[in-house]
Amino acid sequence: MTIGLLCPGGNGATLSSLSLHYIKRELSQKPGYFADFILKRENRYRGLLSGRTIDKFDILAVTTSWAGDYFKLLKLLKEEGIEIDRTKRKSPEIITGGSGIAVAHKPFLEVSDAVFIGDGDGIFLKIFDNLLSGKTDMPWLVFDKNTPKPSPRLTEAVKGVALFSSNEAIFKNTRLVEISRGCPYKCRFCWLSSYRKKYKFRAAEVILDEVSDLNERAGLVSAALLSHPEIINIFNKLDKISLPSCRLDLLDEEVLKIIASKSVKSLTLAPEVGSERMGTLIGKKFDMEKLEFIAVNSKENGIKSLKLYGMVGLPGENYEDVEAFGAITRRLGEISSLDIEISVNQFIPMPGTDFQDAPFADMKEIKYKMDIIRKAFKPDRKKFKMKTNYGRFYQKVFRLIRE
Ligand code: SF4
């Protein structure tokens, strides 16, 4: 039985998916199964180890990191001449899972023989067996659009470290290590806080045992890394780390010093907005004093750049709030001399959140607001960079859900 492991987001996303690493590890211990990462090579999608083209696998195990992966999957299958309509396709069987599925699973059911909702750790083999034998006795497997969406299977990681690192992965030459799942905070716009209501962290002892022979940088995977009660102990035992976005309120002098001593050169924060008023509205405290403290202390400790996430199109937002985000992020660069990159995302009214019924903002309005930030932030080639992300794909997927 051959299983192709794929994330439609591209080679980097496939190699950086801890779920796909888990499946590979679990299946490699089962006689009769062979799993391989599917990467694009010379205009074809094929197995990393086997070189087998994607159409020659018995099953494609597809993980999605966001709802827009639906369109990427369709494009990829078309490119490879694989039938999209699952009722007409003879092979390969396709099963999809991951965060994109958890947000919007219905569109994926047109192309997938089944979708799996939640965490597959520890039961991947059973999932594949069920799929192949046509069994439906697994509550998190959905086979058609009329089946009500089940509650997701939410677990702790069985094994939390990637099998290998790669210079093609999103985090280059970095071994990903899972630290926790969920988040103890309840930001009103955030899908994770409604999807995973409990914060579950892995014991430091278990994590450190898994990474004891690590030679490369450890990429710590967690939505709330600094909330781990033993995080300082974990940091202290690792040589080189890379970090996800960190909560402002948990970054103090001690944490900044340790992080910087682990060869971290860039820090990512997600203030999301630029004013106290908007911070209160979205349930994520905005603290300018703390931002300034972090920027200045980061520089003093040897960190070179700061990446800041922001959002536009939130309900209740006005032009002054938007301008403030650009202005304060620029100010952080000026007072600290750090390189600053801002990544501004269109607000998405995610299902399950307090804002789920808020409308998508008009695209012209979003572009106008992005321009307001651009003017206040004044990007230049050397020290200030700005990226923008629009929510068109989410809007398209959400339309499909409502049809
Ligand atoms: S935005 Fe971040 S801190 Fe807030 S609930 Fe989501 S993951 Fe947690």
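The values are calculated or read from the model by the stated rules, or taken from the named source; none is laboratory data. Note that this is a predicted model, so its numbers are computed, not measured. Counting neighbours? That spans all protein chains shown, and the Cβs are built from the backbone with ideal geometry, glycine included. Keep in mind that these areas ignore ligands, DNA and RNA; they rest on the heavy atoms of the full protein, side chains included. Shrake-Rupley method; radii C 1.70, N 1.55, O 1.52, S 1.80 Å.
Could you calculate the FRET efficiency of Arg277 with Asp239 from 1/(1 + (r/R0)^6), where r is the beta carbon distance between them and R0 is 45 Å, rounded to 0.05? Please list the in-between numbers first.
Values: r = 43 Å, r/R0 = 0.95.
Computed FRET efficiency for Arg277 and Asp239: 0.60.
Taking amide H atoms as placed 1.01 Å from N in the peptide plane, list the residues 5 or more away in sequence, or in a different chain, whose amide H sits under 5 Å from that of Cys246.
Thr268, Leu269, Ala270
Order Lys382, Lys24 by their accessible area, 1.4 angstrom probe, all chains in place, largest first. Intermediate values should be presented prior to the final figure.
Working: Lys382 170, Lys24 35 Å².
These residues rank, largest area first, as Lys382, Lys24.
How many Å² of accessible area per residue for the range 85-131, probe 1.4 Å?
On the way: 1440 Å² over 47 residues.
Ligands and nucleic acids excluded, the figure is 31 Å² per residue.
Please report the relative contact order for the chain, taking Cα pairs under 8 Å with a sequence separation of at least 6, and give it as a percent rounded to a whole number.
Working: 769 pairs, mean separation 45.1, N = 403.
Answer for the chain is 11 percent.
Could you give the length gained by full extension between Glu300 and Glu79, i.e. 0.36 nm per residue of separation minus their alpha carbon distance, to one decimal place?
Details: separation 221, 0.36 × 221 = 79.56 nm, distance 5.02 nm.
Full-extension gain reported as 74.5 nm.
In straight Cα distance, which lysines are under 16 Å from Lys383, not counting same-chain residues fewer than 8 positions off?
Here the lysines satisfying the reach criterion relative to Lys383 are Lys265, Lys299, Lys304, Lys307, Lys375.
Tell me which residues come under 5 Å, amide H to amide H, from Ala35 once H is placed; ignore anything under 5 positions away on its chain.
Ile3
Multiplying the sequence separation of Lys88 and Phe71 by 0.36 nm and subtracting their Cα-Cα distance, what value in nm do you get?
Between Lys88 and Phe71, full extension yields an extra 4.2 nm.
Checking the cross-link filter: which lysines have an alpha carbon closer than 22 Å to that of Lys159, excluding same-chain neighbours under 8 positions apart?
Result set, ordered by chain and number: Lys24, Lys30, Lys126, Lys172, Lys197, Lys198, Lys200, Lys237, Lys240.
Cut-off under 18 Å on the C-alpha distance; same-chain residues fewer than 8 positions from Lys56 excluded. Which aspartates and glutamates are left, in chain and number order?
Asp36, Glu42, Glu79, Glu80, Glu83, Asp85, Glu93, Asp113
Across the range 48-54, in residue order, what do the Karplus-derived ³J(HN,Hα) couplings come to in whole Hz, using 6.51 cos²θ - 1.76 cosθ + 1.60 with θ = phi - 60° and x for Gly and Pro?
4, 8, 8, x, 5, 6, 4
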